[in-house]
Amino acid sequence: MTVRPTAPALRRTRREADRRFGVRLFGSVAVGAVAAVLFGLLLVLVESGWHPLRRLDAGAARWLNRTALDHPAWTGTLRFFSDVVWDPVTLRAAVAVLTLWLVYRRAWRLAAWSAVTAVAGGLTGLLTKTVVERARPVLPDPVAHAPGFSFPSGHAMTATTSFAILLLVLLPMVRKGLRPLCWAVAAVSVLGVGFTRVALGVHWFSDVVGGWMLGLAVVALTGWSFEAWRSDAGLGRTEMAEGLEPELSGDGPGSSDPEAPGPDSPGPGPSDAETSGQGPAGPR
C-alpha cells in the first residue's frame, strides 16, 4: 500500500522547490547584471585610456611576446589550439550540430535557446567591436596576426557562450560522477582561449576579460529566460549541475519533450480539499 503525502507535506515540498528555483532565477539575473556592469566599467576604462589598465595590457603583451619568440614550439602549439581547436568557426560548428540534434530529438525550445544564445553572442560581440574600434596590439616582432578590431575578444566570447551551451544542454546525459570533469574541461578551455589570444599578441588582456564578461552576461540572461519559460509552463525545477532540461536524458526521438509525461512522472497529488476530508459532496 502506497502512502501518499499529506497536504502540509506537499505544500512544504513545493515551497522548498519554489525557493530553490527562485534562488536560481535570481542568481542568473544577478550574474548577468554583474557581468554587464563589470563589462560596462571595463569598456569605460578602455575608452578613456585609463593608465593602470594600459600599463597592465602593455606589460602582459610584451612579456608573452618575448616568451613566444624564445619558444617557437610552444608558439606553434598555441596557434594550433587558437586557430583549430578553439577557433570560433569550430565552436560555432559544434553548437550548430548540437542544435540540429536537438531538433531531431524534438527539443524545440532548447534548440531555439541554443541557436539564439550563439547568434546573440556573435552579433553582440561584433556590434561592440564596431562601436569601440580598439586597435589590436602592435609589437616589434609579432608571431601572429588577426584582422578587425580588438575589443572584446571574439575568441574569448565565443568560447564562453559555446562551452556554456554545450554544458547546459548535454549535462543531463552525463553521469553525475563525470559532470565535475565536464565543468573543468569547459573552464580550462575558456581560460585557455583567452591565454592563447594574449600570448600570440593579437589581443590585449582587457580584450579577453571583456569577451568573457560579455559572453557570461548573454548566457546568464538567455538561461534565465529559458528557466522562466519552464516555470510558466509548470515544468519541474532544475539545478545548474543537471543542465537546462533534465528530460533530455530520455532515449529516442521525442522523448525529450518536457511537456510529455513520462513513465516516471508522478501522478496528480491529493488536493487540499481531499486531504482535509472534503470532496465534491462536502464533508465525509
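A few points about this structure:
- Residues whose amide H lies under 5 Å from that of residue 202, counting only those 5 or more places away or on a different chain, are absent; hydrogens are built 1.01 Å from N in the peptide plane.
- For residue 211, net neighbour charge (Lys/Arg +1, Asp/Glu -1) across residues whose Cβ lies under 13 Å away: +2
- For residue 87, no residue 5 or more places off, or on another chain, has a built amide H under 5 Å of its own.
- Each of the peptides 88-94, 160-166 was scored by the mean count of other Cβ atoms within 10 Å over its residues; in descending order, highest first, they stand as 160-166, 88-94.
- Calculated from backbone phi, Karplus (6.51, -1.76, 1.60) coupling profile of the range 127-136 in Hz, x at Gly/Pro: 5, 5, 4, 5, 6, 6, 6, 7, 6, 6
- In order through the range 212-219: 3J(HN,Hα) via Karplus (6.51 cos²θ - 1.76 cosθ + 1.60), integer Hz, x for Gly, Pro: 4, 5, 5, x, 5, 5, 4, 5
- Ranked order, 108, 212, 50 - accessible area, probe 1.4 Å, largest first: 108, 50, 212
- Reported value for the range 110-157: 73 Å³ per residue, from the convex hull of its C-alpha atoms.
- For the range 62-169, with all protein chains in place and a probe radius of 1.4 Å, 70% of the accessible heavy-atom surface sits on carbon or sulfur.
- Area accessible to solvent at residue 47, 1.4 Å probe radius, in Å²: 110
- Across the range 103-112, coupling constants 3J(HN,Hα) worked out from phi with the 6.51/-1.76/1.60 Karplus curve, θ = phi - 60°, read 4, 4, 7, 6, 8, 4, 5, 5, 5, 5 Hz, and Gly and Pro carry x.
- Projected label points at residue 116 and residue 138, each 7 Å from Cα along the beta carbon direction, are separated by 4.3 nanometres.
The values are calculated or read from the model by the stated rules, or taken from the named source; none is laboratory data. Computed from a prediction, not measured in an experiment: that's the story for all the values here. When we count neighbours, we look across all protein chains shown, and the Cβ atoms used for this are built from the backbone with ideal geometry, even at glycine. Just the protein is used for accessible areas: all its heavy atoms, side chains included, with ligands, DNA and RNA removed. Shrake-Rupley method; radii C 1.70, N 1.55, O 1.52, S 1.80 Å.
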